1. Quick check: anything in segment 76-86 acidic (Asp, Glu) and either closer than 22 Å to Val31 by Cα or free of Cβ contacts under 8 Å to residues at least 24 places away in the same chain (or both)?
2. Give the number of residues within segment 7-37 that are touching a Gly at 6+ places or on another chain (Cβ under 9 Å) and either farther than 15 Å from Ala89 by Cβ or surrounded by fewer than 24 Cβ atoms within 10 Å (Cβ to Cβ) (or both).
3. Considering only residues that are surrounded by 15 or more Cβ atoms within 10 Å (Cβ to Cβ) and either modelled with pLDDT under 95 or polar (S, T, N, Q) (or both), look in segment 120-141 and name the one that is farthest from Arg41 (Cα to Cα).
4. Suppose we filter segment 45-72 for residues that are over 24 Å from Glu135 (Cα atoms), small (Gly, Ala, Ser) and under 17 Å from the mean Cα position of the chain (by Cα); how many remain?
5. Filter segment 72-89 for residues that are over 17 Å from Val113 (Cα atoms) and of a type outside the set (Ser, Thr, Tyr) and give the result.
6. Would you confirm, using the coordinates I've provided, whether Glu115 is open to solvent by 40 Å² or more (accessible area, probe 1.4 Å) and more than 23 Å from Asn2 (Cα to Cα)?
7. Give the residue, chosen from Gly6, Gly111, that is over 12 Å from the mean Cα position of the chain (by Cα) and modelled with pLDDT under 95.
8. So which residues in segment 51-87 are open to solvent by 30 Å² or more (accessible area, probe 1.4 Å) and over 26 Å from Ala143 (Cβ atoms)?
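The values are calculated or read from the model by the stated rules, or taken from the named source; none is laboratory data. Just so it is clear, the model here is predicted, and its values are computed rather than measured. Cβ sites come from the backbone with ideal geometry, for glycine too, and all protein chains shown count toward neighbours. Heads up: the accessible areas ignore ligands, DNA and RNA and are worked out on the full protein's heavy atoms, side chains in. Shrake-Rupley method; radii C 1.70, N 1.55, O 1.52, S 1.80 Å.
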Amino acid sequence: MNEDEGYLRLALEQARLAAEAGEVPVGSIVVYAGEIVGVGRNAVLATLDPTAHAEIVAMRAAAQRLQNYRLTGCELYTTLEPCSMCAGAMIHTRISRLIYGAADPKAGAAGSVVEVVNHPQLNHQMKITSGVLSEQCGELLRAFFRERRQSPSPDL
């Protein structure tokens with residue numbers, strides 16, 4: 001197992017915890033100089049905060065830990081391709097590298113639907129590694145939504 005897979009497995013653990021809490025199962029980890037400095041999972045329902053996506057939660061934690069809103073030199077590992085909100089936050093914080101598992105064909109902003117990450121007119125570019133543990137990440141999401149369709153909830 002390589003380093004990217006190891007960190008993404010930790011993000012998958014966060015995604016599983018989100019699912020157990022009834023949240024869409026997405027998990028994220030921020031790493032700086034080989035150390036985990038931020039951990040996050042979706043918490044929009046628990047916090048009643050529409051911005052509490054896993055990536056945002058992890059970046060907030062990393063910013064607090066590093067005492068800097070700029071996360072230059074940090075890598076963000078996430079189980080699902082970021083949405084445009086999260087991609088914008090990643091650009092603003094200056095994340096150096098994005099590593100994600102499953103592509104998001106409905107809201108992905110790293111190329112699946114729109115290209116917010118690394119848009120040629122934006123001032124910050126980052127390295128992207130996609131498809132790491134994509135089958136495990138995708139299956140967790142598919143299983144979650146299969147279960148939700150069997151017992152619908154108005155919140156999702």
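1. Yes, because at least one residue in segment 76-86 is acidic (Asp, Glu) and either closer than 22 Å to Val31 by Cα or free of Cβ contacts under 8 Å to residues at least 24 places away in the same chain (or both).
2. 15
3. His124
4. Residues that pass the stated criteria total 4.
5. Hits for segment 72-89 are Gly73, Cys74, Glu75, Leu76, Ala89.
6. Yes.
7. Going through Gly6, Gly111 in turn, just one is over 12 Å from the mean Cα position of the chain (by Cα) and modelled with pLDDT under 95: Gly111.
8. Correct list: Arg60, Ala61, Gln64, Arg65, Leu66, Gln67, Asn68, Tyr69, Arg70, Thr72, Gly73, Glu75.
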